[in-house]
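Below is one structure; the comments refer to it alone.
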C-alpha cells in the first residue's frame, strides 16, 4: 500500500511518522507546497517539537517515510490519501469569526481530482464541519476521469505534547464511511492500516456524519470541563476554598473522573476554540440558537479567566504596570510543544502591553518569531518593550513581577530564592498553572498567588 498525506503540519507529520513506524511494508509520503517546511522535515531540525517524534522520524525517514514537494506525482501514485491541512476559523465573508474556512480542504480535493492516477480512498484527517465529506466527494466525482473515489472520515484526537504516545496507544481510532458496499470496503482498508498496532476493540467504525461530528463534540466537551473548573476557581478565591482540593474531591466520582479538571489561565491551542466556534456556527445554520448560545458560554468563560488573571495582577501591583518589567515564564499553550496558536499567553501579554508594561519573555521551545507573530508586533516595535530571554533566570532579573503562563517542568526546579533576591521589591509571582508551592514561595518573600487558591 502507498499512502500520501497532504499537509506536513502538527497532525500530518506525526501521524504519518507513526504509521510508517508501525507499518514497515507501507510506503508513506508527506507532501506540502511549503518547500521550507519539507526541507525541515528532511533535516535534523524538525519544524515542530513533540517528545519522541524526532527519534521515530530519523528511524524511518528515507526507508518507508518520505517528505516531498512533488504533490501531484505522489497523489497519483497513492492508494490512500490523507487530507491533513489547516481549517482555520474564517476571518472574512459569511460566517466570519465562527465558520471553518474550508478553502484548503477544497483545494486538496481539486488537486486529487486533477492528478488522477487510479481509484483512491481519500481520508479526512483535518478537523472539518459535518457534511464536508459530501463537498469533497462531489468535487472528486465531477472530475469524470474514469476513477472512483471513496471519502472516509478519520479525525485525529491527539494532544500536543503527548501526540506520539497518543498515536502509539490511542484510546480509540474513529473511522467513518458510507454504508454502501464500496464505502464499507474503503472503511476496512483504513482499518487495516491501524489494525497493525491498535487493538481491534479500540477501532470504532461509524457513518461519515457521526465521525465528523464526533471530533467537534469531543473538543467541545473537553473545553467545557476546563471552563467549568475555571468558573469554580473564581468562586474558590472569593470563599477561600482551594480549587485543587475541589477538583480532587469531585474527580474521585467515577461519573465525573479526574481528567481536564486542572484550573489554569484557560485553554489554548489550535483546536478547542476553533472547533467550538464551528459547532456554534453549525447550530445556528440548522436553526438551533439555544444550543449555540450554550457552547459559546464555554468560550466566554475562557476569555473571562484570562482577563481575571490580568486584573488580579494589576490589583497586586497598585493598579499600574506602566514601565514595570514583567517576566513571562512560558508562552506555548501547554508544555512539551512549540505551538503557540491561541495560547492564553497571547491575550495576557497583549493586555499587559496595553497597560504599558515591559515584558521579558522566556519559553524553552517557542521562537521569537512565533511570539512576535502571534502578538502582532514587529521587531522594531518590540525594542524597549519586549525582551526575549534565553533562560528563565535571565527573564526574572530586575523584574517587578513574574507571570508563569506555561507549565514547563523546568519551572518547578528554579532557584526562587536567588530569583527573588534579584527582583524589585515587593516581588510578585502569579502562578497561572498552579504549578508551584505558594507557601514555600511566600516564605522566601514573594507575594505569590495562584488560580483558585488563597
(request) Kindly establish whether residue 123 is over 23 Å from residue 292 (Cα atoms), without any contact (Cβ under 8 Å) to a residue 60 or more places away in the chain and crowded, with 22+ Cβ neighbours inside 10 Å. (result) no
(message) Kindly evaluate residue 134 against the criterion of being touching a helix residue (DSSP H, G or I) at 6+ places or on another chain (Cβ under 6 Å), at pLDDT below 95 and on the phi < 0 side of the Ramachandran plot.
(response) no
(request) Run down 96, 142, 148, 68 and say which single residue is surrounded by fewer than 20 Cβ atoms within 10 Å (Cβ to Cβ) and free of Cβ contacts under 8 Å to residues at least 12 places away in the same chain. (result) 96
(request) Hey, can you tell me all the residues within the range 158-182 that are closer than 17 Å to residue 199 by Cα and surrounded by fewer than 14 Cβ atoms within 10 Å (Cβ to Cβ)? (result) 169, 171, 172
(request) Scan the range 439-451 and give yes if some residue there is out of contact with any helix residue (DSSP H, G or I) (no Cβ under 7 Å at 6 or more places or on another chain), in a loop (DSSP other than H, G, I, E, B) and either at negative phi or surrounded by 21 or more Cβ atoms within 10 Å (Cβ to Cβ) (or both), otherwise no. (result) no
(request) Test residue 254 against the criterion of being out of contact with any helix residue (DSSP H, G or I) (no Cβ under 6 Å at 6 or more places or on another chain), assigned to a loop (DSSP other than H, G, I, E, B) and under 27 Å from residue 204 (Cα atoms), and give yes or no. (result) yes
(message) Quick check on this structure: which one of 247, 223, 234, 238 is within 15 Å of the chain's Cα centre (by Cα) and under 22 Å from residue 297 (Cβ atoms)?
(response) 223
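Each row is one residue, and each column tells you yes or no for (1) within 26 Å of residue 11 (Cβ to Cβ); (2) touching a strand residue (DSSP E or B) at 6+ places or on another chain (Cβ under 9 Å); (3) buried (at least 20 other Cβ atoms within 10 Å of the Cβ).
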site	(1), (2), (3)
324	no, yes, no
328	no, yes, yes
340	yes, no, yes
358	no, yes, no
375	yes, yes, yes
(request) Among the residues of the range 360-373, write down those that are assigned to a helix (DSSP H, G or I) and either buried (at least 17 other Cβ atoms within 10 Å of the Cβ) or out of contact with any strand residue (DSSP E or B) (no Cβ under 6 Å at 6 or more places or on another chain) (or both). (result) 369, 370, 371, 372, 373
(message) Scan the range 184-203 and tell me whether some residue there is part of a loop (DSSP other than H, G, I, E, B), surrounded by 15 or more Cβ atoms within 10 Å (Cβ to Cβ) and in contact with a strand residue (DSSP E or B) (Cβ under 6 Å, 6 or more places away or on another chain).
(response) yes
(message) Looking at 55, 27 in this structure, which one is without any contact (Cβ under 8 Å) to a residue 60 or more places away in the chain, farther than 30 Å from residue 216 by Cα and surrounded by fewer than 18 Cβ atoms within 10 Å (Cβ to Cβ)?
(response) 55
(message) Go through (1) surrounded by fewer than 16 Cβ atoms within 10 Å (Cβ to Cβ); (2) in contact (Cβ under 8 Å) with a residue 24 or more places away in the chain; (3) in a loop (DSSP other than H, G, I, E, B) for residue 48 and report which single condition fails.
(response) (1)
(request) Looking at (1) touching a residue at least 12 places away in the same chain (Cβ under 8 Å); (2) out of contact with any strand residue (DSSP E or B) (no Cβ under 8 Å at 6 or more places or on another chain), find the lone condition where residue 89 falls short. (result) (2)
(message) Based on this model, can you work out whether residue 128 counts as crowded, with 21+ Cβ neighbours inside 10 Å, modelled with pLDDT of 95 or more and under 26 Å from the mean Cα position of the chain (by Cα)?
(response) no
(request) Answer with yes or no whether residue 291 is more than 19 Å from residue 340 (Cα to Cα), modelled with pLDDT of 95 or more and crowded, with 20+ Cβ neighbours inside 10 Å. (result) no
(request) Kindly indicate whether any position in the range 300-314 is in contact with a strand residue (DSSP E or B) (Cβ under 6 Å, 6 or more places away or on another chain) and in contact (Cβ under 8 Å) with a residue 12 or more places away in the chain. (result) yes
(request) Those residues that are touching a residue at least 60 places away in the same chain (Cβ under 8 Å) and in contact with a strand residue (DSSP E or B) (Cβ under 7 Å, 6 or more places away or on another chain), I need them from the range 410-452; list them, please. (result) 411, 428, 430, 432, 433, 447, 449
(message) Considering only the range 3-21, I want to know if a residue exists there that is surrounded by fewer than 18 Cβ atoms within 10 Å (Cβ to Cβ), in contact with a helix residue (DSSP H, G or I) (Cβ under 8 Å, 6 or more places away or on another chain) and either closer than 24 Å to residue 127 by Cα or without any contact (Cβ under 8 Å) to a residue 12 or more places away in the chain (or both).
(response) no
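The values are calculated or read from the model by the stated rules, or taken from the named source; none is laboratory data. Fair warning: this is a prediction, and the values are worked out from it, not measured in the lab. Cβ atoms come from the backbone with ideal geometry, glycine included; neighbour counts cover every protein chain shown.
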